[in-house]
Amino acid sequence: MSTPEITAIRLAGEGEAAPDKDVLFVGAGLGTGVQALWAEAANELADRFQVIGWDLPGHGQSPAHNEPIAMADLANAVADLVKAQHAAGTIPAGAKVYYAGVSINGAVALQLGLDHGDLFDGIAVICSAAKIGQTEAWQERATFVEAAGTPSMVAGSAEKWFAQGFIEQHAERTTRLLHTLQEADRFSYARLCEALGGFDVRERLGEITVPIVALHGAEDGVCPPADGEAIAAGVASGQAHVLEHVAHQAPIEKPAETATILKEAFTA
């Protein structure tokens, strides 16, 4: 296993440290890009936070990574990114630091709570779970995508990602997100599938002491609200929220509502 290279992407906030703002790091799900997923929500969050995102390996602005990878490796990469932002002065002295991750990045968020909880004042797990899907199914997807390419996943993902009616009502947002999937590196995508197959922290939730907010979509067939309730109940300090008319991509489906919940959960 090896720590992948990832790139910090400023989504909202000043170009240099803002002494009156806390910092929120955000991550996107498998096959999506952080700018495409978080753009609208970041604008809603900009009055409270500097919002800094990162793309998964082989997605968006992060380079491809074809070595075996585990969720702990992704969490280590994020921890290194946060430490680098501290060193660069992007995070002001005394500012609070938070994290919010969607789907596979919700798994990263939980791993951060386990391995690097001291770096964060609060963590949000969005449209995710302490174990997502079955190991065999993830291995099958990895093998399939490695052979067929990520465009093969577009039609199926469109059906799972968005609540009923969203594609028709928000064609530009939908196209933007699905384009990232189509352009994602097939080998990096496969390695991330394998990482998801090996991820299961259901029995370790009680070790997480940093406050956790779980946010899920009422129409999410991948990670239903019960997954969020289990996370909130399992950690030392947790709360769960459900957004109506949302499936698996809350920040793009309901950006204002997602931002409101994060602001209220991450109170100064």
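The values are calculated or read from the model by the stated rules, or taken from the named source; none is laboratory data. Since the model is a prediction, treat every value here as computed from it, not as a measurement. Cβ: placed from backbone, ideal geometry, glycine included. Neighbour counts: every protein chain shown. Remember, those area values only see protein heavy atoms, side chains included, never the ligands or the DNA or RNA. Shrake-Rupley method; radii C 1.70, N 1.55, O 1.52, S 1.80 Å.
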- Check whether at least one residue in region 240-256 is closer than 15 Å to TYR98 by Cβ, of a type in the set (S, T, N, Q) and not in a helix (DSSP H, G or I), and report yes or no. no
- Item | Residues that are modelled with pLDDT of 95 or more and more than 18 Å from THR90 (Cβ to Cβ), drawn from region 1-30 | ALA28, GLY29, LEU30
- Just checking, how many residues over region 216-239 are in a helix (DSSP H, G or I), over 19 Å from LEU196 (Cβ atoms) and either touching a His at 6+ places or on another chain (Cβ under 8 Å) or not small (Gly, Ala, Ser) (or both)? 2
- Query: When LEU30 is evaluated against the numbered criteria (1) buried (at least 17 other Cβ atoms within 10 Å of the Cβ); (2) in contact with a strand residue (DSSP E or B) (Cβ under 9 Å, 6 or more places away or on another chain), which criterion, by number, is the only one it fails?
  - Reply: (2)
- Query: What do you reckon, is GLU67 among the acidic types (Asp, Glu) and either farther than 23 Å from VAL201 by Cα or at pLDDT 95 or above (or both)?
  - Reply: no
- Filter region 210-238 down to the residues that are more than 14 Å from ALA109 (Cβ to Cβ) and of a type outside the set (Gly, Ala, Ser), then identify the one that is surrounded by the most Cβ atoms within 10 Å (Cβ to Cβ). ASP220
- Here are LEU178, LEU196: which of them is within 18 Å of the chain's Cα centre (by Cα), over 30 Å from PHE120 (Cα atoms) and of a type in the set (A, V, I, L, M, F, W, C)? LEU178
- Task: Write out, first by first residue and then by second, each pair whose Cβ atoms fall under 7 Å of each other, whose residues are 6+ apart or on separate chains, and whose first residue, in region 136-159, is touching a residue at least 60 places away in the same chain (Cβ under 8 Å) while the second is among the charged types (D, E, K, R).
- Result: THR150/ARG186
- Message: Can you pull out every residue in region 166-194 that is basic (Lys, Arg) and either open to solvent by 70 Å² or more (accessible area, probe 1.4 Å) or at pLDDT 95 or above (or both)?
- Response: ARG186, ARG191
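Quick grid of which residues meet (1) in contact with a His (Cβ under 8 Å, 6 or more places away or on another chain); (2) open to solvent by 10 Å² or more (accessible area, probe 1.4 Å); (3) not in a helix (DSSP H, G or I):
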{"position": "ALA41", "(1), (2), (3)": "no, no, no"}
{"position": "VAL51", "(1), (2), (3)": "no, no, yes"}
{"position": "ASP80", "(1), (2), (3)": "no, yes, no"}
{"position": "ALA93", "(1), (2), (3)": "no, yes, yes"}
{"position": "TYR98", "(1), (2), (3)": "no, no, yes"}
{"position": "VAL108", "(1), (2), (3)": "no, no, no"}
- Just checking, how many residues over region 239-268 are open to solvent by 50 Å² or more (accessible area, probe 1.4 Å) and polar (S, T, N, Q)? 3
- Message: Within region 113-151, take every residue that is of a type in the set (A, V, I, L, M), open to solvent by less than 10 Å² (accessible area, probe 1.4 Å) and in a helix (DSSP H, G or I) and give me the one that is farthest from GLU229 (Cα to Cα).
- Response: VAL145
- In region 133-157, which residues are hydroxyl-bearing (Ser, Thr, Tyr) and closer than 20 Å to VAL201 by Cβ? THR135
- Task: Find the residue count for region 59-72, including only residues that are surrounded by 19 or more Cβ atoms within 10 Å (Cβ to Cβ) and over 15 Å from the mean Cα position of the chain (by Cα).
- Result: 2
